[in-house]
Amino acid sequence: MGAKAAAPTPRRRARQAIAPAVRRAVLRRDGNRCAVPGCTNHRFLDVHHLDPLAEGGSDDPDRLITLCGAHHRNSHWGALCIAGNATGGFTFHHGDGTPYGERLRPAALDLAEHAFGTLRHLGFKQSRARALVDTVVQAGAPDTLEQLVTAALRAS
């Protein structure tokens, strides 16, 4: 006879990561639009944790920001870096270190994104990997991925 089929795993209810009242307050504060300067997207909005929950972040509205889907993805990929808080104001810069809205350096941005991904793959948490890449880029980004990752590892 055939092997006995495994019992189905019980389905868990979906859970919102952020309490609905907190989410509504953050959306209202940000004008129901993406908070990235120049972005007017008001559809498909996400409330993003600046401090990832997996790294001890909380649902403190001061450290939450409204982002459209594209900017939310870019923040997780390391192409968009957001600092600050709602009280003092948010600052935005590209992964290559240039302030948001200024001319991009595609090669430097690609290098920074790859270094960020490499550090994540090595086991660094998202916020630590981003901080290390930012530190090296602000000090003057090296020319190769190997040099950038090595400098980031030395900075850790």
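The values are calculated or read from the model by the stated rules, or taken from the named source; none is laboratory data. No experiment lies behind these values; they were computed from the predicted model shown. Counting neighbours? That spans all protein chains shown, and the Cβs are built from the backbone with ideal geometry, glycine included.
One table, with the values for the structure above:
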item: Matching residues in segment 77-115 - criterion: being of a type outside the set (Phe, Trp, Tyr), out of contact with any helix residue (DSSP H, G or I) (no Cβ under 7 Å at 6 or more places or on another chain) and farther than 19 Å from Leu145 by Cα; result: Ala83, Gly84, Gly88, Gly89, Thr91, His93, Pro99, Gly101, Glu102, Arg103
item: Whichever residue in segment 117-128 is touching a helix residue (DSSP H, G or I) at 6+ places or on another chain (Cβ under 6 Å) and at pLDDT 90 or above and, among such residues, is nearest to Ala54 (Cα to Cα); result: Lys125
item: Single unsatisfied condition, Asp143 versus (1) surrounded by fewer than 17 Cβ atoms within 10 Å (Cβ to Cβ); (2) touching a Leu at 6+ places or on another chain (Cβ under 7 Å); (3) in a loop (DSSP other than H, G, I, E, B); result: (2)
item: Residue identified as free of Cβ contacts under 8 Å to residues at least 24 places away in the same chain, buried (at least 19 other Cβ atoms within 10 Å of the Cβ) and out of contact with any Asp or Glu (no Cβ under 6 Å at 6 or more places or on another chain) among Val149, Val136; result: Val136
item: Residue selected from segment 57-115 under the condition at pLDDT below 90, surrounded by 14 or more Cβ atoms within 10 Å (Cβ to Cβ) and of a type in the set (Gly, Ala, Ser), by the criterion farthest from the chain's Cα centre (by Cα); result: Ala108
item: Tally, over segment 42-56, of residues that are modelled with pLDDT of 90 or more and out of contact with any His (no Cβ under 8 Å at 6 or more places or on another chain); result: 7
item: Test set (1) within 23 Å of Ala35 (Cβ to Cβ); (2) in contact (Cβ under 8 Å) with a residue 40 or more places away in the chain; (3) of a type in the set (D, E, K, R) - Lys125 fails condition number; result: (1)
